Amino acid sequence: MLYPLTTEEGCTQWVKPASKEAWLDGRHTIKMEVLADIVSYHLKQDGARPLTVQHDGRHVSPANNALPEADQYPECDRIVVYSAFPSANPVIMDVSLNIHHSSTTVSH
C-alpha cells in the first residue's frame, strides 16, 4: 500500500513540513508518527536507552529493563531505517530524518 499523500489519489500532494510539530498538525499515519518519535528520541543524544512501545501502539518510552550505556562515545550513533515501500521514503526522510538536519543515504 502506498503512503496516501504520495499518490495522485491522495487528498493532497506531499509537501515537506517545516517541523515535526507542523507535520503532526496535518494528516499522518500512526506508523510514521511512531517512527518519527523513535528517530527524534535517538537523535537527542548518542547512546540513548532503547525504547519500548506502549500498549496503545501509539506511544514509546524508554525501556525500564535496558542495560546502562557507556558515558562516552567515540562516534555518533547511526540510525538505519528499512522501508519495504519506496513510496513512503519521501515521508520517512522528510519527517524522521531531514527535519533534524541528519545526513541521509538511500540505497535500493
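Points to keep in mind about this one:
- In this structure, the amide hydrogen of Leu51, modeled 1.01 Å from its nitrogen in the peptide plane, lies closer than 5 angstrom to those of Ala63, counting only residues at least 5 positions away or on a different chain.
- Residues whose amide H comes within less than 5 Å of that of Val60, counting only those at least five positions distant or on another chain, are Gln54 (H built at 1.01 Å from N in the peptide plane).
Values quoted throughout were computed directly from the atomic coordinates according to the rules given, and no laboratory measurement underlies them. Note that the structure is predicted; figures quoted are calculated from it, not measured.
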